[in-house]
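For reference, the structure is listed below as structure tokens.
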Amino acid sequence: MRAAPPEARLPGRAAPRAPGASRGTAASRAAAALLLVLLFVVVLRLPWAGDLGMHAATVERLRHSLRHPGNPLVDADTPSPYYSPWMVLLGCLARVSRLDVFVVLRLAALAGLALLATGVWRYVRTLSPHRAAPALAAFGLVLLWGTDIINWSGFVSLNSLALTVSYPSVFALGLAFHHWAWLTRALREPSGWGTWLGLGVLWAVILLCHQFTGIVATLGDLAVVVAARPPRTRWPRLAAAAAAGALVLWLWPYYDFFALFWEGGDLDGVHRALFTDFAGRYWLALLGVAALVLRLRRDRRDVLAVFFALGAVVCAAAYVSGHYEWGRALPAALIPAQLAAALEVLHPGHRRAVRTGWAWTLAAALTAGAWAQAGVLGYVLGRAALPEMLAVHYTPPWTDYAWITPYVRSGDVVMARDFPNRLLPAYGVYTVAPGYPDFFLKDAVRREWDVRYYYTRRTPPEVRRQILDRYHVRWVVDSARRPMQPGLRPVTRGPGGQMLYAATP
């Protein structure tokens, strides 16, 4: 088997550090610790945005029924890909502890953050023995994006991570980093069949927890294998790992994983935004592309270069073919570039002038990324505490709907649209139409059409009554400024001019 590259050998074999390296290492570790503290405080506040309502709803359904939770969003008995091993575990925790769902999600955020931090540390240690490498890599991952903010599940820019830290995607990405580190060591050192079967099971768990992050993890695994050039004696173990993972995917009881390939629905429109303003959102990662070129010149099978190439091919194919949902594999191109940019400054083969120049360039790029994402401080301090020059970078979270809970009970069906439709299931209620893509709900299009028709001003009152009866609707959330509809009784007023109505028989 090929020996590990010099920068990936054990710390005891590393080249002596230059004077001042200890001070730089201490400073980078202290900065990384402050980053973790910032995210920890964000977890305590748990900004409400994006898919948080979906994940809270999933936990609530599993709290009430682990065996047959049904659809997490609408009153229908269908499977759901949101019922992942991680969410089932959280559902068990909610069921046993009786904790509020948002407390459970805060605990999930802490676990996901810890898993991501330790996973990055373990994987980066396979790439470089330098003590400052994990801390620099962490900053590269969260800051080397662009000067235009993108918040998306599975993307770990600082602002996006602050909003999605409680999501299964963060947990799955943390597992992915651990998986890459484990696979790297299994290919470098003798390992038994149990290790390889465990790798296969972990790969399946990542795919079940967050399918798009599972794709990124798989591309990273392929890069590790290609870079390691394992001898033929290892191929049976690799095949056993793949078979074990496929078996777990096939046996998972909550949904048919393989059915997602033909029942995945049309997600291209939603994901087209990943390719808009491409340069503004990702241009700081170009520093990593330059670093990858240097790594490729040193090693034609450099693991990060191979990883980047695989991710870039998938994303390019997504853009050319119009299947924009595969753009969710963008982290497979961004992660290796971000890691390469951070690690290149530590490469022992560079002359001092080159290291200094690269360090200043990296510092400038990290500073630009930090400035662009400085609005994340608003989730800790509040927007009012931010200077105006930072407040422009602040993405306000959504307001919650706790004001309905004194009246609406778990399991009730509520007619709502837009943001309320995405948030209300977090409180244990059902909506008429799912607020998120639903792969297994056959009448999703009909439900969405009925909701639009209900809120159309010219819809006759009797047709509205038929829609409410069809879905057993007990409550309606609407603007208080709209004319009163027959058969509705106002119950309470919410923020933003909203009103909760009871649907009378």
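The values are calculated or read from the model by the stated rules, or taken from the named source; none is laboratory data. What you are looking at is a predicted structure, and each value in this text was computed from that prediction instead of being measured. Heads up, the Cβs are rebuilt from the backbone with ideal geometry, glycines too, and the neighbour counts pull from every protein chain shown. Ligands, DNA and RNA are stripped out before the accessible areas are found, and what is left, the full protein with its side chains, is counted by its heavy atoms. Shrake-Rupley method; radii C 1.70, N 1.55, O 1.52, S 1.80 Å.
Restricting to DSSP H runs of at least four residues, report the calculated mean residue ellipticity at 222 nm for the chain, -39500 (n - 2.57) per run over all residues, nearest 500 deg cm²/dmol. Calculated at 222 nm, the ellipticity per residue is -18000 deg cm²/dmol. Taking the 1.4 Å solvent-accessible surface of the chain as the whole, the part contributed by carbon and sulfur is 63%.
In this rough spin-label picture, where each label sits 7 Å from Cα along the Cβ direction, the E189-R351 distance is 3.8 nm. The label-point distance for Y453 and A240, in a model that sets each label 7 Å from Cα toward Cβ, rounds to 5.9 nm.
Which residues does a label at R493 reach in region 391-426, if reach means a backbone N under 20 Å from a point 7 Å past the Cα toward the Cβ? Label zone hits: 399-408, 420.
Residues R493, R125, ordered by accessible area of protein heavy atoms at a 1.4 angstrom probe radius and largest first, appear as R493, R125. Across every direction, the projection of the convex hull enclosing the Cα atoms of the chain has a mean area of 25.4 nm².
How large is Rg over Rh for region 55-189, taking Rg from the Cα atoms and Rh as the Kirkwood inverse mean of 1/r across Cα pairs? Before the final figure, lay out each step's value.
Working: Rg = 17.3 Å, Rh = 16.4 Å.
Ratio value, two decimals: 1.05.
Per residue, the chain exposes 45 Å² of solvent-accessible protein surface, assessed with a 1.4 angstrom probe and all protein chains in place.
Candidates F257, A223, A246 compared by Cα position along the dipole of region 177-300: farthest toward the positive end lies A223, with charges placed on Cβ.
Could you compute how much accessible surface M484 exposes when probed at 1.4 Å, giving the result in Å² to the nearest 10? Rounded to the nearest 10, that gives 100 Å².
Rg and Dmax of region 186-260, both derived from C-alpha coordinates alone, stand at 12.8, 38 Å. Helix 331-344 and the longest principal axis of the C-alpha atoms of the chain enclose an angle of approximately 40°. For the pair L44 and A363 in one chain, pulling the backbone fully straight at 0.36 nm per residue adds 111.9 nm over the alpha carbon distance. Surface listing: S410, S191, S84 arranged by accessible area from highest to lowest gives S410, S191, S84, probe 1.4 Å.
Find the centroid of the Cα atoms in region 377-393 and in region 312-333, then give the distance between the two in whole Å. What the calculation gives is 34 Å, centre to centre. Once the Cα atoms are used to define both axes, helix 461-470 deviates from the longest principal axis of the chain by about 60 degrees. With the charge dipole of the chain set up from +1 on Lys and Arg Cβ and -1 on Asp and Glu Cβ about the Cα centre, the Cα lying farthest toward the positive end among the listed residues V289, H323, S169 is that of V289. Compared with the dominant principal axis of the Cα atoms in the chain, helix 286-298 is inclined by about 40°.
Net charge dipole, the chain: roughly 1380 debye, given to the nearest 20, about the Cα centre with Cβ charges of +1 for Lys and Arg and -1 for Asp and Glu.
Can you sort C315, C92 by solvent-accessible area, 1.4 Å probe, largest first? Intermediate results must be reported in sequence, preceding the final value.
Working: C315 10, C92 45 Å².
Largest accessible area first, the residues go C92, C315.
Placing a label point 7 Å from the Cα of A290 along the Cα-to-Cβ line, the residues of region 345-360 whose backbone N sits under 14 Å from it are 345, 354-360.
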